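Peer 1: Dumping the structure here so I can ask a few things about it.
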Amino acid sequence: MAELQFFTGTMDSGKSTLALQTNHNHAARGRHGRIFTSQDRAGAATLSSRLGLQHEAIEVSPEFDFWEYVVATLTRGGRVDYLICDEAQFYSAAQVEQLARVVDELQVDVFAFGILTDFRTSMFPGSARLVELADRMHVLQVEALCWCGKRATHNARTENGEMVTEGDVIVVGDVDDHQPAEVGYEVLCRQHHRRRLTASRAQAVSMIGEPLPFS
C-alpha cells in the first residue's frame, strides 16, 4: 500500500540530503519517481543539500497541481511509482491534499521533506496539513546544534547577525550566508531563540566581557 510520509527537522538536520538518498535508493531498485522542490537555495527547479549534492527537480509554484500532473503523466503512458517532495513547508494546504489523493487513489508513494515552523515559531500551512494527513511522520535524528552546543529546535532569521521576528514568511537564504546586509538563517535552542541571542550577538557580547545569558 502506498503511503504519504513526512520527514521533518530544523534547518541543518539533513532533510534535503535524505530526500536525495531516498530517491537514489528507490531508483536503484528500478522504481520510477519524480522530484519536486520549491524555492530551493540553489535556485528554481533544483534540489540541493548543504553537502554539495544537487539534482534537477520540478519547481512547485503556487498554481502547481500534483494530482493533475501525475494523472497527465500516467495518461501519456508514463510510469510514476513515487514522488520526492522537498521544501514541502512551502506547499499550500491544497497541494498537500492533492498529494494525499495521489497516494490514496493512484497508489503512488509520496515522501515529503520540510521544516515545521517559520522564524516566528509559527507552523507553515503546508507542514501543518502534512502533520494532519501523513500516514507516517518522521523526526530526523541528525540533530542540528545551537551555537551554545544544545540541540537546536527553532529556526531564526537574521539580518547582519541580528535576529528578526517580522517580515515576509518566505525569504530565501541560507544558514551559511553571513554576508552583510543579506538575510541569513540560523538554528537556535529555544531559550536563545526566545532571547534573540544569535551566534554573532553572543560573540559580540563575549568580546566586551559581558556574561553570556545561557539560562
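The values are calculated or read from the model by the stated rules, or taken from the named source; none is laboratory data. All figures in this text were calculated on a predicted structure; none of them were measured in a lab. Don't worry about glycine lacking a Cβ; one is built from the backbone with ideal geometry, like all the others, and counts go over all protein chains shown. To get the accessible areas, we keep the full protein, side chains included, count just its heavy atoms, and leave off ligands, DNA and RNA. Shrake-Rupley method; radii C 1.70, N 1.55, O 1.52, S 1.80 Å.
Peer 1: Could you give me the residue pairs with C-beta distances under 6 Å whose first residue belongs to the range 112-128 and is within 17 Å of residue 86 (Cα to Cα) and without any contact (Cβ under 8 Å) to a residue 40 or more places away in the chain, whose second residue is surrounded by 17 or more Cβ atoms within 10 Å (Cβ to Cβ) and hydrophobic (A, V, I, L, M, F, W, C) wherever it lies, and which are 6+ apart or on separate chains?
Peer 2: Once the first residue is within 17 Å of residue 86 (Cα to Cα) and without any contact (Cβ under 8 Å) to a residue 40 or more places away in the chain and sits in the range 112-128, its partners that are surrounded by 17 or more Cβ atoms within 10 Å (Cβ to Cβ) and hydrophobic (A, V, I, L, M, F, W, C) give 123/116; 126/88; 126/96.
Peer 1: If you don't mind, another one. In the set 26, 55, which member is surrounded by fewer than 20 Cβ atoms within 10 Å (Cβ to Cβ), touching a residue at least 24 places away in the same chain (Cβ under 8 Å) and closer than 22 Å to residue 139 by Cα?
Peer 2: 26
Peer 1: Check residue 104 against each of (1) farther than 30 Å from residue 191 by Cβ; (2) of a type in the set (D, E, K, R); (3) within 14 Å of the chain's Cα centre (by Cα) and name the one condition it does not meet.
Peer 2: The single condition residue 104 does not satisfy is (3).
Peer 1: Spot the failing condition for residue 16; the list is (1) of a type in the set (Ser, Thr, Tyr); (2) part of a loop (DSSP other than H, G, I, E, B); (3) out of contact with any His (no Cβ under 9 Å at 6 or more places or on another chain), and only one is missed.
Peer 2: Failed condition: (2).
Peer 1: Considering only residues that are open to solvent by less than 10 Å² (accessible area, probe 1.4 Å) and assigned to a helix (DSSP H, G or I), look in the range 97-114 and name the one that is farthest from residue 7 (Cα to Cα).
Peer 2: Top of the filtered list is 102.
Peer 1: Right, next: Please go through the range 29-46 and pick out each residue that is outside any loop (DSSP other than H, G, I, E, B) and open to solvent by 30 Å² or more (accessible area, probe 1.4 Å).
Peer 2: 34
Peer 1: Restricting attention to the range 63-77, does a residue exist that is more than 19 Å from residue 108 (Cα to Cα), open to solvent by 70 Å² or more (accessible area, probe 1.4 Å), among the acidic types (Asp, Glu) and part of a strand (DSSP E or B)?
Peer 2: Scanning the range 63-77 turns up no residue that is more than 19 Å from residue 108 (Cα to Cα), open to solvent by 70 Å² or more (accessible area, probe 1.4 Å), among the acidic types (Asp, Glu) and part of a strand (DSSP E or B).
Peer 1: Across the range 84-96, which residue is most open to solvent (accessible area, probe 1.4 Å) among those that are in contact with a helix residue (DSSP H, G or I) (Cβ under 7 Å, 6 or more places away or on another chain) and among the aliphatic types (A, V, I, L, M)?
Peer 2: For the range 84-96, the residue satisfying everything is 93.
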